[in-house]
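J.: Below is one structure. I have some questions about it.
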Amino acid sequence: MLQVIVFSILFGMAISRTAGETGKSMLSFFDNLNTVILKMVMMLMHLAPYGVFCLLVKFFANMGLPGVENLVKYFSLVLVVLVVHCVGVYGLLLKILTGLNPIIFFKKMWKVMVFAFSTASSNATLPINLRTVEHDLGVDNKVASFSVPLGATINMDGTAIMQGVATVFIAQAYQIDIGIAGYLLVILTATLASIGTAGVPGVGLVTLAMVLQSVGLPVEGIAMIIGVDRFLDMVRTAVNVTGDSAVSVIVAKSEKLLNLEIFHNKKLNAENDPV
Ligand code: ASP
């Protein structure tokens, strides 16, 4: 899988450097292919509940009650780590790198987080996030219009967290020791897989297959967690979009493109202002 990723990165870079019609048509070919594949994934997702039902019955028939207990532990752990990452890591980064009050940031981001939570889609949250980052947090359009859409496409740290915990959970369920090298590989592939995850509901679970394969774990293991993934997807999407905004604020502050008056202003403007 790693070879495929490295090849894709190099291939993409080569396409972007290929001038003229050839580069353009290759680019639009892969763009269209991406749309078609996403459609196919969505079609399969409609079938997924029936398949998952059968897999879950088989799994819990073998595992019994301890299987359910473990699932509760997995669910709680992902939830706690997501919250700690969002409040702790982003809050600290904001405080240390910009000196700004993280509470103001989170208060202004609350609506965006709720929107991300209810749609479970970073892409659907993009317009409201962009508006909030510019009009409520005071980030200049030059920074916001680049960093927020880029973040919505590649910054999925909440997804990477879920994939890391899920891989360890599945390894333990199958009683497979992946070793230290395996854990390091999980960190690398979960980061890459989260970058490749589209900002729509449930895709983090699809790219989890790549992480599992990289350390030789059975992909069917995903069935164990699919039942509780929808709620975790909602939470991790809120974390993903908050990360995009936090980084935008940090970059804007370092580039002196942050309007502190707007940041400290208690009034929320984003709802009324156009993007
Ligand atoms: N739903 C997530 C997002 O849009 C992606 C995922 O983890 O499935 O950010």
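J.: Which of 175, 163, 213 moves most in a GNM of the chain, Cα contacts under 10 Å?
T.: Per the Cα network of the chain with a 10 Å cutoff, 175 tops the list.
J.: Let me ask another. Through the Karplus equation 6.51 cos²θ - 1.76 cosθ + 1.60, θ set to phi - 60°, convert the phi angles of the range 96-109 into ³J(HN,Hα) values in whole Hz; use x for Gly and Pro.
T.: Once θ is set to phi - 60°, the couplings for the range 96-109 become 6, 7, 10, x, 7, 7, x, 5, 4, 4, 5, 4, 6, 8 Hz.
J.: How many lysine pairs does the chain hold where the Cα atoms are under 14 Å apart and the two sit 8 or more places apart or on different chains?
T.: 8
J.: Taking the Cα centre of the chain as the origin, how large is its charge dipole in debye, to the nearest 20, when only Lys and Arg (+1) and Asp and Glu (-1) carry charge on their Cβ atoms? List each step's numbers first, then the result.
T.: Numbers: 17 positive and 16 negative charges, 70 e Å.
In debye, rounded to 20, the chain gives about 340.
J.: Another question about this same structure. Can you run the Rg to Rh ratio on the range 1-41? Use alpha carbon positions and the Kirkwood inverse-distance Rh.
T.: Result: Rg/Rh = 1.04.
J.: Could you work out [θ]222 nm for the chain from helices alone, using -39500 (n - 2.57) per DSSP H run of at least four and dividing by all its residues? Round to the nearest 500 deg cm²/dmol. Walk me through the intermediate numbers first.
T.: Values: 12 runs with 218 residues, N = 275.
The helix-only estimate for the chain comes to -27000 deg cm²/dmol at 222 nm.
J.: Is the range 160-199 best put as rounded, prolate or oblate by its Cα gyration tensor, with a ≥ b ≥ c the root eigenvalues, rounded for a/c under 1.5, and otherwise prolate when a/b is larger than b/c, oblate when not? It would help to have the intermediate numbers written out before the result.
T.: Working: a/c = 3.38, a/b = 1.70, b/c = 1.99.
Verdict is oblate for the range 160-199.
J.: Along the positive direction of the dipole of the range 180-275 (beta-carbon charges: Lys, Arg +1; Asp, Glu -1; about the Cα centre), which of 260, 214, 190 reaches farthest?
T.: Selected residue: 260.
J.: Of the residues 185, 65, 258, which exhibits the maximal mean-square fluctuation in a Gaussian network model of the chain defined by a 10 Å Cα contact cut-off?
T.: Highest fluctuation among the options: 65.
J.: Another one. At a Förster radius of 45 Å, what calculated FRET efficiency corresponds to the Cβ-Cβ distance of residue 187 and residue 261, to the nearest 0.05?
T.: Working from the Cβ atoms, E equals 0.65.
J.: What does the charge count around residue 224 come to, taking other residues whose C-beta lies under 15 Å from its C-beta (Lys +1, Arg +1, Asp -1, Glu -1)? Numbers along the way, then the final one.
T.: Numbers: positive: 58, 73, 230; negative: 69, 220, 229.
Neighbour charge sum, excluding residue 224 itself: 0.
J.: For the range 242-250, just list the computed ³J(HN,Hα) in residue order, Karplus coefficients 6.51, -1.76 and 1.60, θ = phi - 60°, integers in Hz, with x standing in for Gly and Pro.
T.: Result, ordered by residue: 5, x, 4, 6, 4, 5, 4, 5, 4 Hz.
J.: Which of these, 70, 34, 240, has the largest mean-square fluctuation under a Gaussian network model of the chain (Cα springs below 10 Å)?
T.: The residue that fluctuates most here is 34.
J.: Dipole of the range 122-275, Cα-centred, from +1 at each Lys and Arg C-beta and -1 at each Asp and Glu C-beta, to the nearest 20 debye?
T.: 140 debye
J.: Using a Förster distance of 35 angstrom, determine the FRET efficiency expected from the C-beta separation of residue 101 and residue 141, and round it to 0.05.
T.: Using R0 = 35 Å, I get an efficiency of 0.90.
FYI, it's all coordinate maths here, none of it is from the lab. Computed from a predicted model, the values in this text were never measured in an experiment. A quick note on method: Cβ atoms are made from the backbone with ideal geometry, for glycine too, and the neighbour counts reach across all protein chains shown.
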